[in-house]
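See structure below.
The values are calculated or read from the model by the stated rules, or taken from the named source; none is laboratory data. No experiment lies behind these values; they were computed from the predicted model shown. Note that we place each Cβ from the backbone using ideal geometry, even for glycine, and neighbour counts take in every protein chain shown.
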Amino acid sequence: MATDLVTLDSVTKTYSGITALDSVGFSIAAGEAVCLAGENGSGKSTLIKILAGVEQPDRGRIAFSGVVQGSLNPRLSAAAGIKVIFQDFSLFPNLTVAENIAFSAELGHGARLVRPVRVQDTARRTLARIGVDIPLHAAVETLSVAHKQLVAICRALATEARLIIMDEPTTALTEREVRVLLDIIRRLKADGVAVLFVSHKLAEVLEVCEKVVVLRNGAKVAEGPASDFDAASLTRHMTGRDLAEQPPAPLADTAAILMQVQGLHKSGAFCDVSFTLRAGEVLGVSGLLGSGRTALAKALFGLVAPERGQITLDGRSVPLGNPLAAAQAGIGYVPEDRLTEGLFLTQSILQNISIGRLDAHGRSGILDLGGLIDEARDWLKRLSVKAPDPDAPVRSLSGGNQQRVVLARWMARSPRVLVLNGPSVGVDVGSKAEIHGIIASLAAQGLGVIVISDDLPEVLSTCHRVLVMRAGAVVDDIPAGQITETALAHRLAS
Amino acid sequence: MTTLWTRNETLVALVIVAFCVLAAFSDPGFLSIATLTDLSRGGIVLGIFAVGALIVLISGGIDVSFTAIAAFTMYVTAMVLNAVMPWMPWWAALMMGMGIGACLGAINGVLIAVMGLPTLIVTLGTLSVFRGFMLTFIGQKQITTLPPGMREFGRMMVLRGENADGSFYSLHAAFLVTVLAVVLTWVILHRTMLGRQIFAIGGSVESARRIGINVRGVQFFVYVYVGVLAGLAGIIHASMARVANPFDLVGLELSVIAAVVLGGARLAGGHGTLTGTVLGVALIVLVRNSLIVLGIPSTWQSVAIGVLILIGTGLPAWQAKRAAARAA
């Protein structure tokens, strides 16, 4: 057997007393794809940093092609052909595709002057190597996420990459884009390039992987050929518990009608949508990208103004196209992209929760700060947000905890109906299950919950009923217990 | 090409043409070599400043201290040369200006690149410190007798001629310095890896760090380079005005940045062209010089320039926003 490209042997790393990695060891052979799975905080990022030479392990050995490395630094790692593609791709949005691809290579050549011809050549060659065609002169900021990722892969390839580490490679991609990516990975493997996928969402890349390594709390808990794993067993290893989710308890027939939507219409977005939501019901709205599900979600909260139609809550009509009125009527909305739409990232956790309650704690124009903060702390506890310091900026929290903060903000206003758009996008498996638990308990308290999602297992395990949207129209209204995932997927697409 | 019409450069160029047509109608004498040389003369110092401001904006920073660097440099150079080395030739005065400018720029560079402080705050601080230091410790009196080298430079012309009506026109030699500064900066920005790294840092500092760009080194270069240009502009300003007035120049910095932004550079960094910068400067000089020709009171200048900035930067931003809204 040939020497492995990278060998890790009992690598240990502690940060101020906390063990981030505990004697982790595995190896990657040339042309091999390895899945490194683990939840947030399992030590994945630390491992990437150690391989990239950014962090030094406290103990343990790292060998490249059988040669044990002393102390690594980013330059040595890069010279050994280890390239990390970060989740944000680390590209230069203002520069062209060609320049982005060739930038590291040119820096590596020690070039002082720009060699436009060589830059173009490098870019064309590497793009051809993975068999994709992206205009060389386009500015990277104008590309789609999938294309940006390909440019990042090309940049790694342009500098003699032998191991490409991809951090959360599929989070932002559509299903079709994931398939294109997998094809490219197959080509790279055939070229002898090794790939290390690092993610908490790995089921989709399993098919191109030879090996799976699972980390939990800094320790390796499972390792084996990829064929031994499936989505369920990965989840079990990552979380250390079975997360087989139970469908929600059936709704009592006597549950009162809470919200009624009639003939909601906006040309080009959704047409003549009508449905009812009962107290304690979790209603799923599913559809492919572009089916109008997001526009509908926004319309329910007044962020998008429908041309006609009616929304009534508790028998009272809710003004359309007015988020403030919708919030006062008791509708809450948790946006899909909580980073840009839902949170004040640089402000503290407490401020983020209490921002919606300023009015309630005002006494003739003066803010009762103590009461406001006590209430926010209470919600942090009730939704079990793991925050070491409630005064820390929300940005410092993990995805799952950020989502809880958004929920806490709405819960503090005691809404009647909560519209959750993509409630578990970008959170890890364990947090996802907990968010689903929160949804169930909200419904049990008599709230109406609308879950907008294209994550079908999520829809099926949290909702009583699913509305299927296609081209702006609700085409199906199915009790969730009566349809399988495959059948539902078929309905979405047909 | 559709992008051509949404670019700031096109817009600014069109406004310039419209302005010239308007001016030519109200004063047939407007379209003459004399006007052109007047405008060129007006753009010399502004142009050098603008090139410096552009390179900082591209790197993702902002520098408001360059006018203070220029004033400090011209005053100290004139004073030192008068006192110690009056025999120094004109080019030595320029070199000395660049040297002092580089030192002051390096102070910005240390604070920004090495210590990692925010650029606006640092340069607001140094603007005040450089100016205050000069006025307190060096002097407040105008130096009306410049050293012979600077006087000689002040009289150098590359072009001289007589109009039909018997008046004279001339193009100052310093115009060539501005041209040289533009060309040199273009070469740095577009033909050296250093220049591409400046763009890269302006695009994303984090990404630049990750692929191994020496961010501190590049930033340090940028602020020193701006200092050099500012020092140069200071000497040229004093030589052409034939007086070193310590109260001159400071106050111009926002107009300069406005000219650069008008030419399409983005305050967020990573974007900007020299063509746009030159056009932006041309437009601002044109407005300053020719509103008088058009018989509009000079107090309207600042209103006109302000409106141009609002339209020139607002329109493309608005278009971009509309395009984004349509795409969503």
Given the structure, is A:SER441 assigned to a loop (DSSP other than H, G, I, E, B) and under 25 Å from the mean Cα position of the chain (by Cα)?
-> no
For A:SER42, the lone unmet condition from (1) closer than 25 Å to A:GLY430 by Cα; (2) assigned to a loop (DSSP other than H, G, I, E, B); (3) touching a Pro at 6+ places or on another chain (Cβ under 7 Å) is (3)
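Against the definition (of a type outside the set (S, T, N, Q), more than 30 Å from A:PHE64 (Cα to Cα) and either over 29 Å from the mean Cα position of the chain (by Cα) or within 12 Å of chain B (Cβ to nearest Cβ) (or both)), how does A:HIS137 come out, yes or no?
Yes; evaluated as a whole, the condition is true for this residue.
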Within region A:188-198, can one find any residue that is surrounded by 21 or more Cβ atoms within 10 Å (Cβ to Cβ), part of a loop (DSSP other than H, G, I, E, B) and touching a helix residue (DSSP H, G or I) at 6+ places or on another chain (Cβ under 6 Å)?
-> no
Quick one: in region B:198-217, of everything that is crowded, with 21+ Cβ neighbours inside 10 Å and more than 8 Å from chain A (Cβ to nearest Cβ), which residue is farthest from B:LEU39 (Cα to Cα)?
-> B:ILE201
Exactly one of B:LEU46, B:LEU57 is out of contact with any strand residue (DSSP E or B) (no Cβ under 9 Å at 6 or more places or on another chain), at pLDDT 90 or above and surrounded by fewer than 24 Cβ atoms within 10 Å (Cβ to Cβ), and that one is B:LEU46
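Here's the yes/no breakdown for (1) over 12 Å from B:TYR75 (Cα atoms); (2) part of a helix (DSSP H, G or I); (3) modelled with pLDDT under 95:
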| residue | (1), (2), (3) |
| --- | --- |
| B:ALA93 | no, yes, yes |
| B:ILE100 | no, yes, no |
| B:GLY105 | yes, yes, no |
| B:ASN108 | yes, yes, no |
| B:THR123 | yes, yes, no |
| B:THR136 | yes, yes, yes |
Name the residues in region B:287-323 that are on the phi < 0 side of the Ramachandran plot and part of a loop (DSSP other than H, G, I, E, B), would you?
-> B:LEU294, B:ILE296, B:PRO297, B:SER298, B:THR299
Going through region A:134-146 in order, the residues found to be closer than 24 Å to A:ASP167 by Cα and modelled with pLDDT of 90 or more are A:ILE134, A:ALA139, A:VAL140
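Yes or no, residue by residue, for (1) among the charged types (D, E, K, R); (2) under 26 Å from the mean Cα position of the chain (by Cα); (3) not in a loop (DSSP other than H, G, I, E, B):
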| position | (1), (2), (3) |
| --- | --- |
| A:ASP4 | yes, no, no |
| A:THR7 | no, no, yes |
| A:THR14 | no, no, yes |
| A:SER23 | no, no, yes |
| A:SER27 | no, no, yes |
| A:GLY31 | no, no, no |
| A:LEU47 | no, yes, yes |
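Output the residue which, of all residues in region A:90-105 that are modelled with pLDDT under 90 and within 8 Å of chain B (Cβ to nearest Cβ), is surrounded by the most Cβ atoms within 10 Å (Cβ to Cβ).
Residues of region A:90-105 that are modelled with pLDDT under 90, as a first pass: A:90, A:104-105.
Add one more test, that the residue is within 8 Å of chain B (Cβ to nearest Cβ), and what stays is A:90, A:104.
Values: A:SER90: 18, A:SER104: 20.
Within region A:90-105, the match that is surrounded by the most Cβ atoms within 10 Å (Cβ to Cβ) is A:SER104.
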So which residues in region B:68-94 are closer than 15 Å to B:ALA174 by Cβ and surrounded by fewer than 16 Cβ atoms within 10 Å (Cβ to Cβ), if there are any at all?
-> B:TRP91
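Which one is modelled with the highest pLDDT, of the residues in region A:162-180 that are of a type in the set (A, V, I, L, M) and surrounded by fewer than 23 Cβ atoms within 10 Å (Cβ to Cβ)? Let's see the steps before the verdict.
Initial filter on region A:162-180 (of a type in the set (A, V, I, L, M)): A:163-166, A:172-173, A:178, A:180.
Cutting the leftovers down to surrounded by fewer than 23 Cβ atoms within 10 Å (Cβ to Cβ) gives us A:172-173, A:178, A:180.
Details: A:ALA172: 70, A:LEU173: 75, A:VAL178: 83, A:VAL180: 86.
Looking at residues that are of a type in the set (A, V, I, L, M) and surrounded by fewer than 23 Cβ atoms within 10 Å (Cβ to Cβ), I get A:VAL180.
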Could you tell me which residue of region B:179-197 is surrounded by the fewest Cβ atoms within 10 Å (Cβ to Cβ), considering only residues that are of a type in the set (S, T, N, Q) and facing chain A (nearest Cβ under 9 Å)?
-> B:THR192
Is it true that A:ALA376 is within 20 Å of A:ILE450 (Cα to Cα), hydrophobic (A, V, I, L, M, F, W, C) and at pLDDT 75 or above?
-> no
Options B:LEU171, B:LEU267, B:LEU176; residue that is modelled with pLDDT under 90 and under 24 Å from B:ARG155 (Cα atoms) | B:LEU171
Residue list for region A:268-291, filter: in a loop (DSSP other than H, G, I, E, B) and either farther than 18 Å from A:ALA444 by Cα or of a type in the set (Lys, Arg) (or both) = A:GLY268, A:ALA269, A:GLY287, A:LEU288, A:LEU289, A:GLY290, A:SER291
Could you list, in sequence order, the residues of region B:104-154 that are in contact (Cβ under 8 Å) with a residue 12 or more places away in the chain, surrounded by fewer than 19 Cβ atoms within 10 Å (Cβ to Cβ) and of a type in the set (S, T, N, Q)?
-> B:SER128, B:GLN140, B:GLN142, B:THR144, B:THR145
Index of the failed condition, A:ALA79 passing every other in (1) more than 9 Å from every other protein chain (Cβ to nearest Cβ); (2) surrounded by fewer than 20 Cβ atoms within 10 Å (Cβ to Cβ); (3) within 32 Å of the chain's Cα centre (by Cα); (4) touching a residue at least 40 places away in the same chain (Cβ under 8 Å) | (4)
Quick one: how many residues across region A:16-51 are within 24 Å of A:LEU397 (Cα to Cα) and touching a residue at least 24 places away in the same chain (Cβ under 8 Å)?
-> 18
Considering only region A:344-371, how many residues are buried (at least 17 other Cβ atoms within 10 Å of the Cβ) and modelled with pLDDT under 75?
-> 3
So how many residues does region A:108-146 have that are surrounded by fewer than 20 Cβ atoms within 10 Å (Cβ to Cβ), hydrophobic (A, V, I, L, M, F, W, C) and in a helix (DSSP H, G or I)?
-> 4
Test result for A:GLN149, assigned to a helix (DSSP H, G or I) and within 30 Å of A:ALA20 (Cα to Cα) = yes
